[in-house]
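Heads up, the thing below is written out as structure tokens.
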Amino acid sequence: MKLYEMAIAPNPRRVRMFLAEKGLLNKVQRVELDLQKGDNLKPDFVAKNPMKKVPMLELDDGTCISETMAICRYFEEAHPETQSLLGDTAVEKAQIEQWLRWIDFYLFLPTGMSFQHGSGYFNDRMNCIKEWAQDCHVKVIDFFDFLDKHLAENDYICCQRFTAADINAYTTVQFAKVIGVRISSEQKNLQAWHDSIHGRDTANA
């Protein structure tokens, strides 16, 4: 199997950490793409993933799976012998899915939009709106506060154990550094949770 990625990008990091937690990282051959140079726009890659994004998983039979959580879901279902990161029971699966959506919509998306519209990195390829970047920046700070309050009574994001929700939240909190948002000195619960996840061997995947 081949995992197409740009190693420094946040979504490929989510997949790598997920695979590392399940002991499956050595099951894939990692293929590095340079998005700045347009490797993802080349016809052979676009034929595999018309959305032109990473990560993208290519199975041995040529089947291609795009989108971070779709790739994670494939490995969760294909390897039931490994630890579950997407839930065992109906309630767990629902709670994890809820948090994955919250993290994507209220943390990851605003972080990405603030970076894309405010950093200047994408000025040559999209219509950047500075006001949108500023609004998204505030939303990220607000969600950090929300997480800090939630983690006052929880050691993990949900289900009272480590799940994909922790992976996605952790990698996105770190990603937020690109827009200058960091855990504040007052957010002690968020900091303690972050340090706990950061201490896992898989955090460096």
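Considering the options Leu100, Met69, Gly118, tell which one lies farthest towards the positive end of the dipole of region 1-138, charges being +1 on Lys and Arg and -1 on Asp and Glu at the Cβ, about the Cα centre.
It is Gly118, whose Cα lies furthest towards the positive end.
I'd like the FRET efficiency for Ala78 and Val31, computed as 1/(1 + (r/R0)^6) with the beta carbon distance as r and R0 of 25 Å, rounded to 0.05.
So the FRET efficiency works out to roughly 0.80.
Hey, can you list the DSSP H helices of the chain whose Cα span along the axis is 18 Å or longer and whose average Kyte-Doolittle score is at least 1.0?
Length and hydropathy pass: none found.
Give me the one-decimal nm value for the distance between modelled label points at Ser185 and Tyr106, 7 Å along each residue's Cα-to-Cβ direction.
In this crude label model, Ser185 to Tyr106 measures out at 2.8 nm.
Report the gain in length on full extension from Leu41 to Asp201: 0.36 nm times residue separation, minus Cα-Cα distance, nm rounded to one decimal.
Contour length minus Cα-Cα distance gives 54.2 nm.
Which GluC sites (Glu not before Pro) in region 76-127 sit in a loop by DSSP (not H, G, I, E or B) and have at most 16 other Cβ atoms within 10 Å of their own Cβ?
Listed in order of number, the matching sites are Glu81.
How much FRET efficiency would the formula 1/(1 + (r/R0)^6) give for Val91 and Asp142, where r is the Cβ-Cβ distance and R0 is 30 Å, rounded to 0.05?
The calculated FRET efficiency here is 0.60.
About its Cα centre, how strong a charge dipole does region 1-81 have in debye, to the nearest 20, once Lys and Arg get +1 and Asp and Glu get -1 at the Cβ?
In debye, rounded to 20, region 1-81 gives about 300.
Assigning unit charges at the beta carbon (Lys, Arg +1; Asp, Glu -1) and nothing else, what dipole magnitude in debye, to the nearest 20, does the chain show about its Cα centre?
That gives the chain a dipole magnitude of about 500 debye.
Could you provide, to the nearest whole Å², the per residue accessible area of the chain with probe 1.4 Å?
52
Using a 1.4 angstrom probe and counting only protein chains, how large is the accessible area of Ile8 in Å², to 10?
So the heavy atoms of Ile8 present about 150 Å² to solvent.
Which one is right for this structure if Rg and Dmax of the Cα atoms in Å is calculated from it: (i) 18.2, 57; (ii) 17.3, 51; (iii) 15.7, 48?
Entry (ii).
If the limit is 30 Å between Cα atoms, which of Lys48/Lys139; Lys93/Lys139; Lys130/Lys177; Lys53/Lys139 go over it?
Listed pairs above 30 Å: Lys48/Lys139.
Based only on Cα atoms, what mean projected area does the convex hull of region 143-205 have, in nm²?
4.2
So what does Arg30 come to for accessible area, using a 1.4 Å probe and Å² rounded to 10?
The accessible area comes out at roughly 110 Å².
Ranked by accessible surface with a 1.4 Å probe, highest first, in what order do Arg125, Arg73, Arg13 come?
The ordering from most to least exposed comes out as Arg125, Arg73, Arg13.
Take the alpha carbon atoms of region 149-172, find their center, do the same for region 77-111, and report the distance between the two centers in whole angstrom.
Region 149-172 and region 77-111 have Cα centres spaced 10 Å from each other.
Please go through region 101-205 and write out the chymotrypsin sites (Phe, Trp or Tyr not before Pro) that DSSP classes as loop and that have at most 14 other C-beta atoms within 10 Å.
Tyr121, Phe122
The values are calculated or read from the model by the stated rules, or taken from the named source; none is laboratory data. What you are looking at is a predicted structure, and each value in this text was computed from that prediction instead of being measured. Glycine also receives a Cβ, built like all others from the backbone with ideal geometry; neighbour counts cover every protein chain displayed. These accessible areas exclude ligands, DNA and RNA; they are computed on the full protein's heavy atoms, side chains included. Shrake-Rupley method; radii C 1.70, N 1.55, O 1.52, S 1.80 Å.
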